[in-house]
1. Could you list the chymotrypsin sites (Phe, Trp or Tyr not before Pro) in segment 158-209 that lie in coil according to DSSP, counting only those with at most 11 other Cβ atoms within 10 Å of their Cβ?
2. Based only on Cα atoms, what Rg/Rh ratio does segment 3-126 have, Rh being taken as Kirkwood's radius?
3. Which of K29/K95; K309/K374; K290/K331; K34/K79; K44/K174; K217/K373 have a Cα-Cα distance over 27 Å?
4. Distance from the Cα centre of segment 98-145 to that of segment 164-195, in angstrom?
Amino acid sequence: MKIRVGVIFGGESVEHEVSIISAIQAMNKLDQEKYETIPIYITKDREWYTGEMLRDIEIYQDLSLVKKYGKNVVLYYKKGSYVLQKKTFPRRVIKEVDIIFPIVHGTNVEDGVLQGYLQTIGIPFVGSNVYGSVVGQDKTYMKDIWAEADLPMTKYVWFYDVDYKKDSEEVLKKISKLRFPVIVKPATTGSSVGIMVCDDQESLIEGIDDAIQYDNKIIVEEVVENLKEVNIAVMGNYEHQRVSEIEEVLSSNKFLTYADKYIGNGKGKLKGSKAPVKNSSKGMASANRKLPADLSDKMRKEVEEIAIKAFKVLGSSGNSRIDFLIDDAKKKVYINEINSIPGSLAFYLWEAKGIDFSSMLDDMIQIGIKDYKKRVSKTHSFETNILKGFAEHGGLKGMKGVKGKLR
Ligand SMILES: Nc1ncnc2c1ncn2[C@@H]1O[C@H](COP(=O)(O)OP(=O)(O)O)[C@@H](O)[C@H]1O
Ligand SMILES: [Mg+2]
């Protein structure tokens, strides 16, 4: 019997449209002999839909078509299976699903929120668990963990919006330990949203005011000069890791913008959305790049080793892309960020190493199954008669006794 793979995509994220592209690319490449693919699309207003027509990118030009022809469902555990059941009457089970493949990007989905739901209902899924996903999205968490592991990074400072609003002098004093130019980023958004390079105090204040609109946590970093950006993917989990080819990403701007990443020269837009889709149907695969990157053997090795350490220490699983900033004059390598579910699943980085898209997806699913087996093999509950004792002690009156037992 084929494994029934539910591909979840979309969701309430600024990278909603990019996720549609990544998911459609992957669904077209999943081995049909082995897998039955079930598209599961989460709209921006958090409704879940399934149906074959969700494989067609055209349908997303008009959400009313999705609502009209798709089946509005919930995913839950029912009598020993995981099911997609219609929300409206008659509440039929539409599909059973064996494993979920989340192909989502950004906050509210990639960052552990979706993974939390999947772990709560207990369904096997591909990619990082809740913890790996959370630290993979929040730039302050990932950097603090990497700093502890002695990985090379640019100097950075982070703060909360409330503290800045209360005492901006104090926060600016903290930032003054960095040298200009600096780059201001919201800690948890992605796709270069709310990011600004600042050359002086005045533009720094502007940058912070802008970033605060996107997040309550802001990170400010020293800018890497003579910038060369390279990315690498790591596949595996905390036990085994292997690395892809390294790409160099090229930008015409000071830093890689949303447009550089996904649009090229395209100008198509989704209805009611600022984000382009039509002319960027190649997703991350369409960015301007040199593949393989032009690097010395020594630097290549350095990037590979740092990437593996970075992946492992965050507890990542599946296939993540790790991005580096290189000062090409000083030949100094800095790790920048991890993307736990990268655009287009970074398939092109594996293809360049002779691993085609379909086998890459296969590997990811196999790792997901292994992670699931490992997860259920650990004891999560233990026999206890606390509740019985609670009743015997007369309910609430017995609270003292219960506390004693818990200790
Ligand atoms: N410290 C830095 N020095 C120079 N350029 C940077 C630095 N940090 C980020 N950038 C530029 O900004 C882009 C977006 O920043 P990044 O941290 O990758 O955020 P995002 O999650 O939005 O992709 C990077 O691809 C790079 O071009
Ligand atoms: Mg980035």
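1. Sparse-neighbourhood loop chymotrypsin sites (Phe, Trp or Tyr not before Pro): none present.
2. Rg/Rh for segment 3-126 comes to 0.93.
3. Cα-Cα > 27 Å for K44/K174; K217/K373; rest within.
4. With segment 98-145 and segment 164-195 each reduced to a Cα centre, they are spaced 26 Å.
Each value in this text was obtained by applying a stated rule to the coordinates, not by laboratory testing. This is a predicted model, so every value here is computed, not measured. All Cβ positions, glycine included, derive from the backbone under ideal geometry; neighbour counts span all protein chains shown.
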